[in-house]
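Novice: Got a structure here, written out as structure tokens. Questions coming.
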Amino acid sequence: MIITALIIAISVITLFAVLGLVLVYMERKVAAFMQIRLGPMRVGPWGIAQTLADTVKLISKEDIIPNGADKFLFNLAPLMVTVIATLALAPLPFSDKWIIWDSNVGVFYVAAISSLTVISILTGGWASNNKYSLIGAMRSGAQIVSYELSVGLSLVAMVLLSGSLSFSDIVMTQQDAWWIFKGHLPAWIAFMVFIIASTAELNRNPFDLPEAESELTAGFHTEYSGMKFALFMLSEYINMFIVSAVAATLFLGGWMPLHFGQDNFFNHIMDYIPPLVWFAGKVFFIIFLIMWFRWTFPRLRIDQLLTLEWKYLLPISLINVLAAAWITVTGWHF
Amino acid sequence: MDAENMKQRISSAAPAASFEVDKEFLYVIIPADNLFTLIKTLKTDPDLSFNHLSCLTCIDRNPEFYMIYILQSFEKKHEIVVKAKISGRSNPAIESVSSLWSGAELLEREVFDFFGIKFNNHPDLRRLFLADDWNGFPLRKDYADEVNIENRN
Amino acid sequence: MEQVQNIVSDRELQGSNLQTQEYFINVGPQHPSTHGVLHLKIKLDGEIIEDVDPILGYIHRSVEKMCEKLSYRQIIPITSRMDYLSAHINNQAVALAVEKAMAVEVPPRARAIRILMAELTRIGSHQLWWGVMGMDLGALTPFFWGFRDREMITEMFEETCGTRLTMNYIIPGGVATDVHPDFIGKVKNYIRHLRKKLPEYDEILTGNRIFIERTRGVGYLSPEEAVSFGCTGPTARGSGVSCDIRKWHSYDGYDKLDFNEVLFNEGDNLARYKVRIKEIWESLRIIEQVVENFPEGEVMGKMKKVIKLPKGEFYQRVETARGELGVYIVSDGGNTPYRIKFRSPNFSNLSVLKKIVVGSKIADMVATMSTLDLVIPDIDR
Amino acid sequence: MSYIENILSTSVSLLKGMKMTGYYFSHPKEIYTRQYPENRKTLKLPERFRAELTMPHDEFNRHRCSGCTACEIACPNGTIKVLTYMETTPDNKKKKRLDTFIYRLSMCTFCNLCVDSCPSDAIKFNQHFEHSVTERKQLTKVLNRQGSTVTDELK
């Protein structure tokens, strides 16, 4: 039991480290190519070791705690944000056999855990004793509390369609086709709402108000430097991975290969590609989509952000839940 | 409105004004005390309506100062230069025009900063560019600073 | 918004325990959105701005005092460093003032070159502003696209003038040297390139709904206020104030060219944005006309080696990318000015900031500051 | 209905922007980056580019500076300092000769006024633009070489 736990712990930490490195590199390259430049090119071939070098730099940097900061909370916040990101990873199925904790309430669990991130951002922003950080933290509070609703409702729509709260069950329901193909309009709308709302929950552009580089210098993590800043950044990317994994599992079939109908030739060919590859492919597709948003759109203003949620996303997802329920009751999906 | 008419209008508003003309501008020279009435007429008179304060600055003709107001009218498309003569070096003062043009507020602070001219009824007369504890007024001709100003021949 | 504020104040009147307090934040001297060492002391109520106090002078170099010790030829490189994004046009202003005082005739080729350089500078400046505007609103990609197109202009300048930013090329009497033999061809290429790329600007930013929401109706400046604060350039033209010096007090043969003064009446950030985008198109038209009939001949008028201005006062206006730059030279007959005053467009445009951002949010202030297009060295001088 | 129209038009405008960034992402040929130290060999600077003031010497170690200090006077910010001495020529005339030509690169603004003012084309700008050094005093340079003399025509 302990050994299993240890193995899991080590592999999760390794996964985190690798994900952090890969995603930061990917972000920089995606950004660079959209911005007609090359991005990191110096460290290693095509700058592949750039993020590694950056991590070494961040670790060796001086750790500064501002004079007026609440020391305990200031140190706690980056730790908390990483722990929360780790917890949300547990019930996600990476392939048909790879799952840390096959919970029967997995969707509920992820929704509950991921909404905790705001507490660590509030803590960090408040404890910094910096007005920019405080404004950033307060914005984050308003933002995550409201967008949590849309995320939750789009999850509910998918739970209604698939009839289960367990991630592995949801994947199994997509054996004949992914929900995005067989769920009709409700699945489409839920997918779009989920992507928009979870981008907001991740505090990424166009919803990066808590950081808002041009307004609040760096928002809630203005005062953080060195490894503590790195933990904030790492958790942002881990959260991005988790959100994308949830989206991939609910809408794009998770590790399930591309199937249409039962037991035909096409399905068998698709089965030759291992499930882990399917999973990673879908996750990275959604991550790319979120990055694409970031490097295209300007930032919203705080009142526009809330208008978007309360006037558009929330009513739409409420109606969407009704529609999903209707489709489930009448059995219109395939 | 041509220069002659303008001169007449100005003379009736401010009898102390004297005139100079060059190729481009009509210069009005007026003692500092009469400035505000003149400027106000220039701005509010519907035939003159100089609504744009293009440039506000000061010249130190040691010992007196001249305030320069280059005014322009966007509607009538004419312009004029008003020079207000401030005599007395120890405590030069003139009426502020910031009640007529909001933009003059910062411009007058700049002049105060560099020439030390006090603007009466200015809402917020502080140093603008230089530090609050700066000694002297650097654009005056008698300003001396052995440390920072290197005299080249 | 007003309703919400009323509710809050009503509650306070009823003796509720809820207390609010204003607080100050310092935006700058180092801040990503001030683009230079501008320091704004801002009084905030939550996210709403109650007061703005600009604190200037962080890069004050006392250009005016320096110029009193410099010959007229030496003033030119100093002026490049005021509004460094309109370096050519600043040089042109001093050159024109000196020429006016000395009554020197500038040869037609030099005048054509001046217009070409000035309009290319204007395009480059607006492109940089466009990229930075996107960056201020959180879209980083336009920044690089803007720089790509500006880079080509900078390279043309480098080839002809020898430097990239502070050129010191337009001098009293004409221009320093003739243009590089490849210059005209490159300009023609560039017009073709930019006509293809400008629609892309519209697709990524101008048409973007988020961008429109962020700028429309934000930072409203009424025409009366624009005039009262002495705003010029695109800032005033976004409020419908006709103030283009190229049309009003034409210099260097702008009056012979066919171009429109771009005017929008909305007075908000979007209007100022549109003015600048349209000005790029107008500048392209001007450049095309000049390149079509590019005169041959000398590039330098008859100037003495040592420039001495007659006694008197001389004022020359030019239209930089940001508005009216005035050079006021007081000469007592020597080879250095008795007093020189630069009426900088940014200084007046900055003074309007307080007026138009009070009551809006921090994010709006950033957007507004961006559309005022401030260049700090020109404010501080 | 305008509610739905609003959503649709917004989506279209956002997708247009994504199309543009997507275009550049998928067309690496449009990349504008030039990798500087790597392309040093192929780097071609325009011939008028001004980087550092130099005093050309011919093969007999002779420069063309007569020591008239026109450049020193022309410089707006005191970059140049010309030190001279008096030499008696064979026909017993006193002549000014260049002793040391001091150029402070740290103060130079590359405005070209010194080169313009030089009556004998003694100085010119070269294209060596990599100025960074470890100490500030290394930026103060002496332009005339050790033991150099003035060309015969200026004697």
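Novice: For D:LYS95, which aspartates and glutamates qualify as cross-link partners when the Cα separation must be under 16 Å and same-chain residues fewer than eight apart are set aside?
Specialist: The qualifying aspartates and glutamates are D:GLU87, D:ASP152, D:GLU153.
Novice: Return one number: the angle in degrees, 0 to 90 and rounded to the nearest 10, between the long axis of the Cα atoms of helix C:183-201 and the longest principal axis of the Cα atoms of chain C.
Specialist: In chain C, helix C:183-201 runs at an angle near 20 degrees to the longest axis.
Novice: 5 Å is the cut-off here: which amide hydrogens, built 1.01 Å from N in the peptide plane, fall below it relative to C:ARG339, excluding neighbours closer than 5 in sequence?
Specialist: C:VAL330
Novice: Further question on the same structure: Pairs to check: C:LYS305/D:LYS96; B:LYS85/C:LYS65; C:LYS196/D:LYS19; B:LYS40/C:LYS65. Give those whose C-alpha atoms are more than 25 Å from each other in this structure.
Specialist: Result: B:LYS40/C:LYS65 exceed 25 Å.
Novice: Shifting gears a bit: Once you measure Cβ to Cβ distances between cysteines in the protein assembly as shown, which Cys have no partner under 4.7 Å?
Specialist: B:CYS55, B:CYS58, C:CYS67, C:CYS161, C:CYS231, C:CYS243, D:CYS65, D:CYS68, D:CYS75, D:CYS108, D:CYS111, D:CYS118
Novice: Determine the residues within the range C:73-109 where the difference in accessible area between the chain on its own and the full set of protein chains amounts to at least 50 Å²; count protein heavy atoms only and use a 1.4 Å probe.
Specialist: C:GLN74
Novice: Can you give the extra length, in nm with one decimal, that the chain gains between A:ALA49 and A:LEU6 once fully stretched, where that is 0.36 nm per residue apart less the Cα-Cα distance?
Specialist: 12.7 nm
Novice: Using unit Cβ charges (K, R positive; D, E negative) and no other charged atoms, how large, in debye to the nearest 20, is the dipole of the protein assembly as shown about its Cα centre?
Specialist: Roughly 2720 debye, rounded to the nearest 20.
Novice: Taking the Cα atoms only, what angle lies between the long axis of helix D:2-26 and the longest principal axis of chain D, rounded to 10 degrees?
Specialist: Between helix and principal axis, roughly 40 degrees.
Novice: Which one, B:LYS141, B:LYS85, B:LYS43, has the greatest fluctuation when you compute a Gaussian network model over chain B with C-alpha springs under 10 angstrom?
Specialist: B:LYS141
Novice: A further question on this structure: Using only Cα atoms, find the angle between the long axis of helix A:184-201 and the longest principal axis of chain A, and express it within 0 to 90 degrees, rounded to the nearest 10.
Specialist: Its long axis makes an angle of about 10 degrees.
Novice: Continuing with this model, one more query. Determine the sum of side-chain charges near A:SER225: Lys and Arg each +1, Asp and Glu each -1, restricted to other residues whose C-beta is under 10 angstrom from that of A:SER225.
Specialist: With Lys, Arg at +1 and Asp, Glu at -1, the net is -1.
Novice: Then there is this: For the range A:285-323, which residues drop by 50 square angstrom or more in accessible area between the chain on its own and all protein chains together (1.4 Å probe)?
Specialist: A:TRP292, A:TRP295, A:THR296, A:PHE297, A:PRO298, A:ARG299, A:ARG301, A:GLN304, A:TYR312
Novice: Antiparallel as a % of all DSSP beta bridges within the range B:1-151, to the nearest 5?
Specialist: 70 percent
Novice: Further question on the same structure: Along the range A:243-259, what does the Karplus equation 6.51 cos²θ - 1.76 cosθ + 1.60 (θ = phi - 60°) give for ³J(HN,Hα), rounded to whole Hz, x for Gly and Pro?
Specialist: So the J values, rounded to whole Hz, are 4, 5, 5, 5, 4, 5, 5, 6, 9, 10, x, x, 7, 5, x, 5, 10.
Novice: Okay, next question. Report the calculated FRET efficiency for A:PHE285 and C:ARG216 (r = Cβ-Cβ distance, R0 = 25 Å), to the nearest 0.05.
Specialist: So the FRET efficiency works out to roughly 0.15.
Novice: Counting only other chains, what is the mean number of Cβ atoms within 10 angstrom of the Cβ of each residue in peptide D:72-79?
Specialist: 4
Novice: Can I ask one more? For the range A:192-233, list whatever residues lose no less than 40 Å² of accessible surface once every protein chain is in place, relative to that chain by itself, with the probe at 1.4 Å.
Specialist: At a threshold of 40 Å² (probe 1.4 Å), the residues of the range A:192-233 that become less exposed are A:GLU213, A:SER214, A:GLU215.
Novice: First compute the accessible area of the range B:3-120 with a 1.4 Å probe, then give the percent of it belonging to carbon and sulfur atoms.
Specialist: That fraction is 48 percent.
Novice: Residue by residue through the range C:217-231, what is 3J(HN,Hα) from phi via Karplus (6.51 cos²θ - 1.76 cosθ + 1.60, θ = phi - 60°)? Round to whole Hz and write x for glycine and proline.
Specialist: Result, rounded to whole Hz: x, 9, x, 6, 10, 6, x, 5, 5, 4, 5, 4, 7, x, 5.
Novice: Further, regarding this structure: Can you give the FRET efficiency to the nearest 0.05 for B:ASN120 and C:ASP178, using r as the Cβ-Cβ distance and R₀ = 51 Å?
Specialist: Plugging the Cβ-Cβ distance into 1/(1 + (r/R0)^6) gives 0.40.
Novice: Something else: Return the FRET efficiency for the residue pair C:ALA103, A:TRP98: r is the Cβ-Cβ distance, R0 is 51 Å, and the value is rounded to the nearest 0.05.
Specialist: After rounding to 0.05, the efficiency reads 0.05.
Novice: As an exercise, identify the chymotrypsin sites (Phe, Trp or Tyr not before Pro) in the range B:70-153 lying in DSSP coil whose Cβ has no more than 14 other Cβ atoms within 10 Å.
Specialist: B:TRP134
Novice: Could you check how much of the accessible area of the range D:52-154 is carbon and sulfur, as a whole percent, using a 1.4 Å probe?
Specialist: Roughly 51 percent, rounded to a whole number.
Novice: Using protein chains only and a probe of 1.4 angstrom, how many square angstrom of C:MET66 are accessible, to the nearest 10?
Specialist: That residue has around 80 Å² of solvent-accessible surface.
Novice: Then there's this: How big is the C-D contact in terms of buried accessible area, both chains counted, 1.4 Å probe, rounded to the nearest 100 Å²?
Specialist: Summing both chains' loss of accessible area gives about 2500 Å².
Novice: Using a 1.4 Å probe on protein heavy atoms only, how many Å² of accessible area do A and C hide from each other, summed over both chains and rounded to 100?
Specialist: By this definition, chains A and C bury close to 2500 Å².
Novice: Next question. Select from the range D:105-154 those GluC sites (Glu not before Pro) which occupy a DSSP coil region and have at most 14 other Cβ atoms within 10 Å, ordered by residue number.
Specialist: Here the GluC sites (Glu not before Pro) that fit, given the DSSP loop and packing criteria, are D:GLU130, D:GLU135.
Novice: Here is a further query. Under 18 Å from a point 7 Å along the Cα-to-Cβ line of D:ASP58: which residues of the range D:100-129 have their amide N that close?
Specialist: D:119-124
Novice: For a 19 Å ceiling on Cα separation, which of these pairs sit above it: C:LYS186/C:LYS256; A:LYS131/C:LYS43; C:LYS69/C:LYS308; C:LYS100/C:LYS304?
Specialist: Long pairs (Cα-Cα over 19 Å): C:LYS186/C:LYS256.
Novice: Quote the total accessible area buried by chains B and C together, excluding ligands, DNA and RNA, probe 1.4 Å, nearest 100 Å².
Specialist: 3600 Å²
Novice: For the protein assembly as shown, what is the accessible area per residue in Å², given a 1.4 Å probe and the full set of protein chains?
Specialist: For the protein assembly as shown, the solvent-accessible area averages 42 Å² per residue.
Novice: Whenever you get a sec, line up D:TYR85, C:TYR23, D:TYR24, A:TYR272 from highest to lowest accessible area (probe 1.4 Å, protein heavy atoms).
Specialist: A:TYR272, D:TYR85, C:TYR23, D:TYR24
Novice: Which value, in debye to the nearest 20, gives the size of the charge dipole of chain A about its Cα centre, when Lys and Arg are +1 and Asp and Glu are -1 at the Cβ?
Specialist: The dipole magnitude comes to about 620 debye.
The values are calculated or read from the model by the stated rules, or taken from the named source; none is laboratory data. Since the model is a prediction, treat every value here as computed from it, not as a measurement. Here the Cβ is made from the backbone with ideal geometry for all residues, glycine too, and neighbour counts use every protein chain on show. Only protein heavy atoms, including side chains, enter the accessible area calculation; ligands, DNA and RNA are left aside. Shrake-Rupley method; radii C 1.70, N 1.55, O 1.52, S 1.80 Å.
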